[in-house]
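Report on the following structure.
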Amino acid sequence: MNNRDIELFNDSLERCSAQPDFLSCFYRLFLASSDTVAQKFEHTDLRKQARMLKSSLYIMMLASSPSERAAHLEKLAQSHGRAGLDIAPPLYDLWLEQLMRAVEASDPRFDAPTGAAWRRVLQPSIDFMKSRY
C-alpha cells in the first residue's frame with residue numbers, strides 16, 4: 001500500500017458514501033452470499049452495523065503500519081475471534097468480494113486501479129483479523 005492507493009481508496013470511499021444505498025447494497029450482497037453469513041447477522045441492527053463498517057473502513061485506511069493495525073484492530077479482532085462472534089477466516093474473503101461488488105456498483109468512477117487500491121488498503125487488516133482467529 002502506498003500514498004496513491006490511499007488516495008484512490010479514500011476518493012472512492014467518499015464517492016460511495018455519497019450514494020445513500022452503498023452500505024445497504026453491501027449488506028444485501030453479503031447476507032445473500034452465504035447461509036453462514038445470514039445466520040451471523042440474524043439479530044443484528046444493520047443500520048448500526050453499517051455505521052461501524054464505515055468507521056472501520058477509515059480505520060483500515062489509516063492503519064498503514066503493523067503497529068497501527070494492532071493498536072486499532074486488536075479489540076475488533078478479539079470480538080470477531082473464536083471466543084466472540086466466531087468469524088472464520090474464509091468469511092473475510094467473502095466479505096471483501098461482496099464489498100468490492102458494492103463499491104463497483106456505487107462508485108461512478110470505479111476502474112481497475114481503484115479496485116486494486118481498495119484491495120491493497122484492506123488486505124493487511126483482513127490478514128490481521130484472520131491471524132487473530
Using alpha-carbon positions, the gyration tensor of segment 12-81 gives root eigenvalues a ≥ b ≥ c; with a/c under 1.5 called rounded, otherwise prolate if a/b exceeds b/c, else oblate, the class is oblate
Excluding ligands and nucleic acids, what accessible area in Å² is computed for His80 using a 1.4 Å probe, to the nearest 10?
-> 40
Candidate cut points under trypsin sites (Lys or Arg not before Pro) in segment 82-125, DSSP loop plus at most 14 other Cβ atoms within 10 Å of their own Cβ, are Arg82, Arg109
Give me the aspartates and glutamates in straight-line cross-link reach of Lys54: C-alpha distance below 13 Å, same-chain residues under 8 apart excluded.
-> Glu14, Asp21
Average projected area of the Cα convex hull of segment 45-133, in nm²?
-> 5.9
Share of segment 15-109's accessible area from carbon and sulfur, percent, 1.4 Å?
-> 54
Computed [θ] at 222 nm, deg cm²/dmol, the chain (DSSP H ≥ 4; -39,500 (n - 2.57); rounded to nearest 500) = -25000 deg cm²/dmol
Per-residue HN-Hα couplings for segment 124-133 [Karplus 6.51, -1.76, 1.60; θ = phi - 60°; Hz; x = Gly/Pro] | x, 6, 5, 4, 4, 4, 4, 5, 8, 6
In nm, the gap between the two label points placed 7 Å beyond Cα toward Cβ at Lys75 and Leu53 is 2.2
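The values are calculated or read from the model by the stated rules, or taken from the named source; none is laboratory data. Keep in mind that what you see is a predicted model, and the values were worked out from it rather than measured. So basically every Cβ, Gly included, is an ideal-geometry build from the backbone, and we count neighbours across all protein chains shown. Heavy atoms of the whole protein, side chains included, go into the accessibility calculation; ligands, DNA and RNA do not. Shrake-Rupley method; radii C 1.70, N 1.55, O 1.52, S 1.80 Å.
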